[in-house]
1. Please list, ordered by first then second residue, the pairs with beta carbon atoms under 7 Å, 6 or more apart or interchain, first in the range 20-35 and of a type in the set (Val, Ile, Thr), second surrounded by fewer than 14 Cβ atoms within 10 Å (Cβ to Cβ).
2. If you take the residues of the range 39-54 that are of a type outside the set (S, T, N, Q) and more than 21 Å from Asp74 (Cβ to Cβ), which of them is surrounded by the most Cβ atoms within 10 Å (Cβ to Cβ)?
3. Out of the residues in the range 1-25 that are at pLDDT below 90 and not in a loop (DSSP other than H, G, I, E, B), which is surrounded by the fewest Cβ atoms within 10 Å (Cβ to Cβ)?
4. In the range 47-113, which strands (runs of 3 or more DSSP E) lie fully inside it and hold 1 or more residues that are touching a residue at least 24 places away in the same chain (Cβ under 8 Å) and closer than 21 Å to Gly14 by Cβ?
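The values are calculated or read from the model by the stated rules, or taken from the named source; none is laboratory data. This one's a predicted model, so the numbers in the text were calculated from it and none came from an experiment. When we count neighbours, we look across all protein chains shown, and the Cβ atoms used for this are built from the backbone with ideal geometry, even at glycine.
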Amino acid sequence: MIFVSHHLTEKKIGLTIWTDELEQVGQLDGRDFSGLCRADDSGNLFAVDYSNGEVCRITPDFKQEATGIKATNDVHGIAMVHDLLAMTDTATDRVRFYDVGSCKQVAEWSAGKELADLHHINGICASQGPGSSCGELVVSVAVMDSSLNKRIARQGGLVDIGPWWRGTGLPRVIRRGLSLPHTPFFFGNCLWFVESSPGILWCNDRLFWSYSGFLRGLSVSQDKIIVGSTGWNRGTSGYHNNQLSCLFWLNGNGMVVRGKEMPLEFGQIFEVVWVPESVPEDVSEIVLEAIPILPALDLLPEPLEVLPAALPVVRPEVLPALEVPLEEPEGESEWNFWT
């Protein structure tokens, strides 16, 4: 099944459910869902309501259940980091971590000193398998230099906050010069993401596919890539090339297997999550026949250290925000390779 969250729809269409063949089989109304992610291997998902920050659990039979987690009203991306739910608070440039059991915030990363939408952080993804130089806990950022307008092209990037999470160092910039990057996604030892405004899907540093729409929402599996394209975008004050929102199913060669236009009232596509009907007992035995395994990113002055098989779980009672600005600091630092 493919789950798609919809944002800013006139009829409050929060979530639509599709078969792998892109036929709609369900719809959840009354919400303005933004962030969406798999909660476990049993088919449950977490979805956050953009308008009030409430996190819901979506069950395999398409029911909504309250979790008790209440975030801010401007969450764009969410991801599970072990049993913690990480959420990008775009309005304040923060990534906040919540314990699912207690519903309490237990950690926080700050992209800047001010509680304001200056960098416009949005997507987040965590690598649950062996680490690589692609990163391990990656956040997409629209504006690396907060003094610039976030609608200026090629000012965005990708930041790996994994070293901060593990307590081994500062976050690292692993891509820059991007135009509105969104939806980072780890799969097959690769970091996938989209550049929304030019409509480009990347696999590491390789251009994998492009389309003349505002790409957003991505899910990659061993035999298919599902990507969303939004026709209407608030940033362009109208329709992107007069197109409707679409879902695309790509194969491992970047060819469109199937596409599906959505009705106008479905608004923006925010996130796309594919949930398999069954989960292999040993994910290490998945054969990636369709998706190419491309070389790791080679954009850093030094290769990243060999990362552990999984991120350690942090359990502090209170972990204050780290003031690690994304702007280049004065003097020598780990950020002096800024360009």
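1. If the second residue must be surrounded by fewer than 14 Cβ atoms within 10 Å (Cβ to Cβ), the pairs left are Val25/Thr19.
2. Looking only at the range 39-54, we keep the residues that are of a type outside the set (S, T, N, Q), and these are 39-41, 43, 45-50, 53-54.
Retained after the next criterion (residues that are more than 21 Å from Asp74 (Cβ to Cβ)): 39-41, 43.
Details: Ala39: 20, Asp40: 13, Asp41: 12, Gly43: 17.
Looking at residues that are of a type outside the set (S, T, N, Q) and more than 21 Å from Asp74 (Cβ to Cβ), I get Ala39.
3. His7
4. Numbers: elements: 54-58, 64-70, 75-81, 84-89, 94-99, 105-110.
Those strands (runs of 3 or more DSSP E) span 54-58, 64-70, 75-81, 84-89, 94-99.
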